[in-house]
Amino acid sequence: MSGGDNLLAVVAERLRRRSDDLVERQLKTLRGFGSYDRVPADDLRRSCLRNVARVVATLEQHDRLPPDIEEDERISGRRRALQGVPAEDVVEAYRAVLSVLRDAFIEEAAAAAADPWEVLTGTRRLWDLTDRYSNILVSARQQVEIDAARRDERNRIAFLQRLLVGGVDPAELRAGGAVHGVLPGHRYWVLRGRQHSGEPQLLSRHLESARAGARPLVAPLDDDVAGISAARPVPLDSAVIAVAGPVPLSGVPQAFAEATRVLDVALRYGRTGVVDSSSLSVRVAVEQHGEIGEQLFRRYVAGLGEGAGSAEILLTVQAFLRERRSVAATARALSVHENTVRYRLDRYHTLTGADLADTDVLVEVWWALEYASIRR
């Protein structure tokens with residue numbers, strides 16, 4: 001050990017003997033931070049004792065602390081967070097008490113007639129100590145906040161999932177609903193959506209950012225995103241969002257079942273944007289009654305056989321229905337002559353017996369074509 005280190009060890013020993021006095025000086029400093037009133041007195045005194053021991057160990061260049069006060073600063077930092085001491089107060093208070101101990105070091109070094117270079121060496125060590133453990137305290141605080149956020153998110157998701165299936169009783173709805181921003185007297189849109197492309201989290205971020213009033217309560221559900229929102233969601237090009245409502249909270253389970261059915265149909269049809277039962281119209285029934293669709297498919301589609309000619313006839317019939325049974329509009333839509341449209345419609349009538357002038361047949365043909373589009 002060099003002469004400088006010997007002198008620093010002497011100064012460290014003098015500081016150790018003054019532990020009680022130095023603890024009181026620190027406590028006086030900490031009383032200037034109102035938030036530290038929340039910290040139990042024995043906890044605060046133990047931290048002050050540890051600060052003295054840490055300074056002594058730093059000057060002596062070792063890390064040994066007395067067993068009764070040895071504690072990782074991360075644990076102390078987490079405890080301060082749980083005690084409600086703001087992060088800025090923790091750091092400022094720690095720097096303030098370490099400043100008290102640096103001043104005491106300089107006092108004792110001067111009393112020991114230490115060389116200025118030795119004083120500078122010791123002061124640098126104490127500055128390094130302050131910076132190092134300040135960072136540890138901040139890191140510990142951040143971890144507490146991250147853990148709390150994760151816990152809140154887990155509770156939020158669990159509450160939402162039970163709300164969607166009717167597993168929340170009125171008492172919990174009043175208590176837990178207020179925590180999660182759900183107000184019993186309000187009406188909500190119930191939604192279930194799926195991202196077609198892009199990042200899986202994109203739809204969640206989109207729904208949460210489209211705020212109107214209270215923040216939407218959404219969470220992952222299997223491959224989808226589900227939740228409730230005070231405002232009807234806005235469309236997202238790369239996703240389909242099925243909605244039902246708005247309904248009171250008591251109607252959320254039924255609305256969620258409807259939104260789930262609507263999403264299933266929308267996915268079969270390859271839809272994007274925001275859809276509901278009215279926008280899908282009777283396509284919901286087409287998807288749900290496959291036995292009817294299969295019968296009509298065999299009668300009005302499968303009877304055409306396969307091949308390019310059959311595909312052209314079906315394409316023409318579809319366009320004819322879409323263009324409100326206007327031959328001229330159908331011809332323009334398909335970029336063919338009107339006589340070509342008439343010929344294909346006649347062939348369709350010949351092959352299937354379908355008279356598109358008959359309203360009943362027209363409905364059956366439309367149903368068969370819609371079913372054909374989702375049959376696979």
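Observations, loosely collected:
- Odd one out for Thr272, checked against (1) modelled with pLDDT of 80 or more; (2) within 20 Å of Ile157 (Cβ to Cβ); (3) in contact with a strand residue (DSSP E or B) (Cβ under 9 Å, 6 or more places away or on another chain): (2)
- Total residues in the range 275-314, condition under 22 Å from Asp224 (Cβ atoms) and either modelled with pLDDT of 85 or more or of a type in the set (S, T, N, Q) (or both): 6
- Subset of the range 355-376 (residues that are touching a helix residue (DSSP H, G or I) at 6+ places or on another chain (Cβ under 7 Å) and under 13 Å from Gln318 (Cβ atoms)): Leu356, Val365, Trp366, Trp367, Ala368, Leu369, Glu370, Tyr371, Ala372
- Any hit, the range 303-313, residues being under 28 Å from Ser277 (Cβ atoms) and surrounded by 15 or more Cβ atoms within 10 Å (Cβ to Cβ): no
- Filter result for the condition that a residue is more than 30 Å from Glu258 (Cα to Cα), touching a residue at least 60 places away in the same chain (Cβ under 8 Å) and either in the same structural domain as Val240 (by TED's automatic domain parsing) or crowded, with 17+ Cβ neighbours inside 10 Å (or both), over Tyr348, Tyr300: Tyr300
So that you can scan it fast, the table gives a plain yes or no per residue for (1) within 16 Å of Glu294 (Cβ to Cβ); (2) surrounded by fewer than 17 Cβ atoms within 10 Å (Cβ to Cβ); (3) not assigned by TED's automatic domain parsing to the domain that holds Ser310:
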site	(1), (2), (3)
Asn339	no, yes, no
Arg344	no, no, no
Asp355	no, yes, no
Trp366	yes, no, no
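The values are calculated or read from the model by the stated rules, or taken from the named source; none is laboratory data. Fair warning: this is a prediction, and the values are worked out from it, not measured in the lab. Counting neighbours? That spans all protein chains shown, and the Cβs are built from the backbone with ideal geometry, glycine included.
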